[in-house]
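The values are calculated or read from the model by the stated rules, or taken from the named source; none is laboratory data. All values reported here derive from a predicted model rather than from experimental measurement. Every residue, glycine among them, receives a Cβ derived from its backbone with ideal geometry; neighbour counts consider all protein chains shown.
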């Protein structure tokens, strides 16, 4: 208990000193490293549009490391298997319960694996879909229809699922949207400028929500 309390206090101190984002490197064989330019481009966009001061090159952290408490926002993506150990689960749960935010973006193929790992983190809660009128879709950029569709995979609609604690989103799972592909360098997917802008704006909304809540 003393160790965990110390970790939480360190997190709160770091949060007050500065705000930054990091990529979550998980186990299980999935390609956590996919979309290598995504967070760099999102950071640059947020620095310009939101007046943040995010690092040009986001750091990489692991779920069981104390380092995650240095970042109020963690991003996780991939196409394949995800596996959280007991130590990962305990550490991530402490991080989320003490003010952290985890964004999981399915890059297509992650869904069948990641839902089970989310249930390990919060065994007594189910993911619930966000309504289109949630504040995360309204500021600073408006998305009146909810989560935007960036890449087509299975012709399913884009959905945002969340775990909340005391009215605050602690985990956001974006499914059938593929925001990360829209954040990548233009030449990676040749997305039209308006599609990339839509993805970056939605990403900025997520960052803003995470930092302010």
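crowded, with 18+ Cβ neighbours inside 10 Å and modelled with pLDDT of 95 or more: does that describe residue 26? Before you say what the answer is, go through the steps one by one.
Details: crowded, with 18+ Cβ neighbours inside 10 Å: yes; modelled with pLDDT of 95 or more: yes.
Here the answer is yes, as residue 26 does meet what is asked.
With the structure loaded, tell me whether residue 37 is surrounded by fewer than 20 Cβ atoms within 10 Å (Cβ to Cβ) and more than 30 Å from residue 190 (Cα to Cα) or whether it fails that test. No; evaluated as a whole, the condition is false for this residue.
When region 146-164 is examined, which residues are found to be in contact with a helix residue (DSSP H, G or I) (Cβ under 8 Å, 6 or more places away or on another chain) and either outside any strand (DSSP E or B) or at pLDDT below 95 (or both)? Please lay out each step first, then the result.
First, the residues of region 146-164 that are in contact with a helix residue (DSSP H, G or I) (Cβ under 8 Å, 6 or more places away or on another chain): 146-148, 150-151, 160, 163.
Of everything in region 146-164, those that are in contact with a helix residue (DSSP H, G or I) (Cβ under 8 Å, 6 or more places away or on another chain) and either outside any strand (DSSP E or B) or at pLDDT below 95 (or both) turn out to be 146, 147, 148, 150, 151.
Quick grid of which residues meet (1) out of contact with any strand residue (DSSP E or B) (no Cβ under 9 Å at 6 or more places or on another chain); (2) assigned to a strand (DSSP E or B); (3) more than 16 Å from residue 171 (Cα to Cα); (4) in contact (Cβ under 8 Å) with a residue 24 or more places away in the chain:
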residue	(1), (2), (3), (4)
43	no, no, yes, no
64	yes, no, yes, yes
75	no, yes, no, yes
93	yes, no, no, yes
102	no, yes, no, yes
108	yes, no, yes, yes
117	no, no, no, yes
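Scanning region 45-62 for residues that are surrounded by 14 or more Cβ atoms within 10 Å (Cβ to Cβ) and in a helix (DSSP H, G or I) yields 45, 46, 47, 49. The single condition among (1) out of contact with any helix residue (DSSP H, G or I) (no Cβ under 7 Å at 6 or more places or on another chain); (2) assigned to a loop (DSSP other than H, G, I, E, B); (3) on the phi < 0 side of the Ramachandran plot; (4) surrounded by fewer than 21 Cβ atoms within 10 Å (Cβ to Cβ) that residue 143 does not meet is (1).
Would you check if there is a residue in region 11-20 being under 17 Å from residue 63 (Cβ atoms) and modelled with pLDDT of 50 or more?
Of region 11-20, the ones under 17 Å from residue 63 (Cβ atoms) are 11.
From what's left, modelled with pLDDT of 50 or more: none.
No, that holds for no residue.
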